[in-house]
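The values are calculated or read from the model by the stated rules, or taken from the named source; none is laboratory data. Computed from a predicted structure; not experimentally measured. Heads up, the Cβs are rebuilt from the backbone with ideal geometry, glycines too, and the neighbour counts pull from every protein chain shown.
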Amino acid sequence: MKVIKCDNYDAVSQKASEIVIDQIKKKPNTVLGLATGSTPLKLYSNLVSAYEKKEISFKHILSYNLDEYIGIDRNHSQSYYQYMHQHLFSLVDMNEENIHIPNNDVTRIDEIAELYNKDLNKHQIDLQILGIGSNGHIGFNEPGTPLGNETFIVELDEQTRKDNKRFFKSLNEVPKYAITMGIKNIMRSKKIILMASGIEKADAIYQMINGRVTDELPASVLQLHPDVVVIVDQLAGSKL
Ligand code: F6R
């Protein structure tokens, strides 16, 4: 793993956007793996700026999102479908048919994971963007998830629900389930960037890099991937 320490969140986002922009310039039909949450927000706004300056186009980009909540509708303000459209897709020339976000239709609960997985496996992600949970999750692969999993439906960890409560009115409203790419899907990506900012990520970042590879800290499996760049700010990297 290559670790880049930056002064602050803006510098983390700047570094990550340089890598993504470079990738898109080199390969305009890049397959991107995308994350949601607070961490990539500035990265996405930097990508939108680069698009507005005509440095890059998303016309031929294919995207696969890591995960989606189950139990809220796609039209809910906190769905990852809405998040992606609000912060990236509706602001660039992304082709709607090239966008893949796991379907969270509960009436099709038996098949949605398999269908997403089948679709995902038709391609190889060129560049996967990851954040990390304070409990070491990537995607929604919570501690204890088998490292060989492909796309599956997960019961969210209490810690994750508490961490994500800030986006909802109360803990009760935070969904209990999600659909997520599995570790195996993430590990198939050619290149991975993991971004982290803030003191609440410091322990997970330390364990991910220096701990043993264990399903108790799913991000630790990235030690086994040949091309991972970890970009942290001073607080997230403070235990390294
Ligand atoms: C989101 C995702 C999660 C987040 C993680 C960190 O699509 O897969 O693993 O990256 O929970 O979230 P933030 O960035 O909000 O701290």
Q: Within segment 150-202, work out how many residues are hydrophobic (A, V, I, L, M, F, W, C), outside any helix (DSSP H, G or I) and in contact (Cβ under 8 Å) with a residue 40 or more places away in the chain.
A: 10
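What number of residues in segment 216-240 are within 18 Å of the chain's Cα centre (by Cα) and either of a type outside the set (A, V, I, L, M) or closer than 20 Å to Leu34 by Cα (or both)? It would help to see each step written out before you state the result.
Residues of segment 216-240 within 18 Å of the chain's Cα centre (by Cα): 217-223, 225, 227-233, 236.
From the residues that got through so far, the ones that are either of a type outside the set (A, V, I, L, M) or closer than 20 Å to Leu34 by Cα (or both) too are 218-223, 225, 227-233.
Qualifying residue count, segment 216-240: 14.
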Q | Residues located in segment 80-114, provided they are within 15 Å of Gly33 (Cα to Cα) and either touching a residue at least 60 places away in the same chain (Cβ under 8 Å) or assigned to a strand (DSSP E or B) (or both) | A | Ile99, His100, Pro102
(Q) Residues that are within 16 Å of the ligand (Cβ to nearest atom), touching a residue at least 12 places away in the same chain (Cβ under 8 Å) and out of contact with any Gly (no Cβ under 8 Å at 6 or more places or on another chain): does segment 18-31 have at least one? (A) yes
Q. Which residue pairs have Cβ atoms under 9 Å apart, sit 6 or more places apart or on different chains, and have a first residue in segment 34-55 that is within 21 Å of Lys190 (Cβ to Cβ) and a second that is within 14 Å of the ligand (Cβ to nearest atom) and of a type in the set (Asp, Glu)?
A. Ala35/Asp67
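One residue is enough: does segment 126-142 have a residue meeting the conditions more than 17 Å from the chain's Cα centre (by Cα) and of a type in the set (A, V, I, L, M)? If you could, list the steps in order and put the result at the bottom.
Going residue by residue through segment 126-142, those that are more than 17 Å from the chain's Cα centre (by Cα) are none.
No, segment 126-142 has no match at all.
Any residue at all in segment 191-211 that is away from the ligand (no atom under 11 Å from the Cβ), basic (Lys, Arg) and either more than 17 Å from the chain's Cα centre (by Cα) or crowded, with 21+ Cβ neighbours inside 10 Å (or both)? Working first, answer last.
Step one: list which residues in segment 191-211 are away from the ligand (no atom under 11 Å from the Cβ), which gives 191-193, 199, 202-203, 205-211.
Subset that is basic (Lys, Arg): 191.
After this cut, where a residue has to be either more than 17 Å from the chain's Cα centre (by Cα) or crowded, with 21+ Cβ neighbours inside 10 Å (or both) as well, the list is none.
No: segment 191-211 contains no residue that is away from the ligand (no atom under 11 Å from the Cβ), basic (Lys, Arg) and either more than 17 Å from the chain's Cα centre (by Cα) or crowded, with 21+ Cβ neighbours inside 10 Å (or both).
In the set Ser63, Ser77, which member is outside any strand (DSSP E or B) and of a type in the set (Gly, Ala, Ser)? Give the steps one after another, and end with the answer.
On the way: Ser63 fails: outside any strand (DSSP E or B).
Just one listed residue meets the conditions, Ser77.
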Q: Say whether the condition of being among the aliphatic types (A, V, I, L, M), surrounded by fewer than 18 Cβ atoms within 10 Å (Cβ to Cβ) and within 18 Å of the chain's Cα centre (by Cα) is met by at least one residue in segment 156-171.
A: no
Q.
Return the pair list, or none, for Cβ contacts closer than 8 Å from residues in segment 227-240 that are surrounded by fewer than 17 Cβ atoms within 10 Å (Cβ to Cβ) to residues that are among the hydroxyl-bearing types (Ser, Thr, Tyr), at least 6 apart or on different chains.
A. Lys239/Tyr206; Leu240/Tyr206
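Identify all residues within segment 72-88 that are of a type in the set (Gly, Ala, Ser) and away from the ligand (no atom under 12 Å from the Cβ); write none if there are none. Break it down into steps so the answer makes sense when it comes.
Start the filter on segment 72-88 by keeping residues that are of a type in the set (Gly, Ala, Ser), which leaves 77, 79.
Listed by number, the list holds a single entry, Ser77.
Scan segment 115-140 residue by residue and report those that are outside any loop (DSSP other than H, G, I, E, B) and either hydroxyl-bearing (Ser, Thr, Tyr) or touching a Phe, Trp or Tyr at 6+ places or on another chain (Cβ under 9 Å) (or both). Give the steps one after another, and end with the answer.
Initially, segment 115-140 is screened for residues outside any loop (DSSP other than H, G, I, E, B), giving 115-120, 127-130, 138.
Passing the criteria: Tyr116, Asn117, Asp119, Leu120, Gln128.
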Q) Which of the following residues is within 20 Å of the chain's Cα centre (by Cα), within 16 Å of the ligand (Cβ to nearest atom) and over 15 Å from Pro102 (Cα atoms): Tyr64, Tyr44, Tyr69? A) Tyr44
Q. Given the conditions (1) part of a helix (DSSP H, G or I); (2) away from the ligand (no atom under 12 Å from the Cβ); (3) touching a helix residue (DSSP H, G or I) at 6+ places or on another chain (Cβ under 7 Å), and given that Ile231 satisfies all but one, which numbered condition is not satisfied?
A. (1)
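Test of understanding: among Tyr64, Tyr83, Tyr51, Tyr44, which residue is of a type in the set (Phe, Trp, Tyr), buried (at least 19 other Cβ atoms within 10 Å of the Cβ), in contact with a strand residue (DSSP E or B) (Cβ under 8 Å, 6 or more places away or on another chain) and modelled with pLDDT of 95 or more?
Numbers: Tyr83 fails: in contact with a strand residue (DSSP E or B) (Cβ under 8 Å, 6 or more places away or on another chain); Tyr51 fails: in contact with a strand residue (DSSP E or B) (Cβ under 8 Å, 6 or more places away or on another chain); Tyr44 fails: in contact with a strand residue (DSSP E or B) (Cβ under 8 Å, 6 or more places away or on another chain).
Testing whether each residue is of a type in the set (Phe, Trp, Tyr), buried (at least 19 other Cβ atoms within 10 Å of the Cβ), in contact with a strand residue (DSSP E or B) (Cβ under 8 Å, 6 or more places away or on another chain) and modelled with pLDDT of 95 or more leaves just Tyr64.
Could you go through segment 16-29 and let me know if any residue there is in contact with a Pro (Cβ under 8 Å, 6 or more places away or on another chain) and more than 25 Å from Asn117 (Cα to Cα).
Initial filter on segment 16-29 (in contact with a Pro (Cβ under 8 Å, 6 or more places away or on another chain)): 16.
Right, trim to more than 25 Å from Asn117 (Cα to Cα) and you get 16.
Checked against the condition, which is being in contact with a Pro (Cβ under 8 Å, 6 or more places away or on another chain) and more than 25 Å from Asn117 (Cα to Cα), segment 16-29 yields at least one hit.
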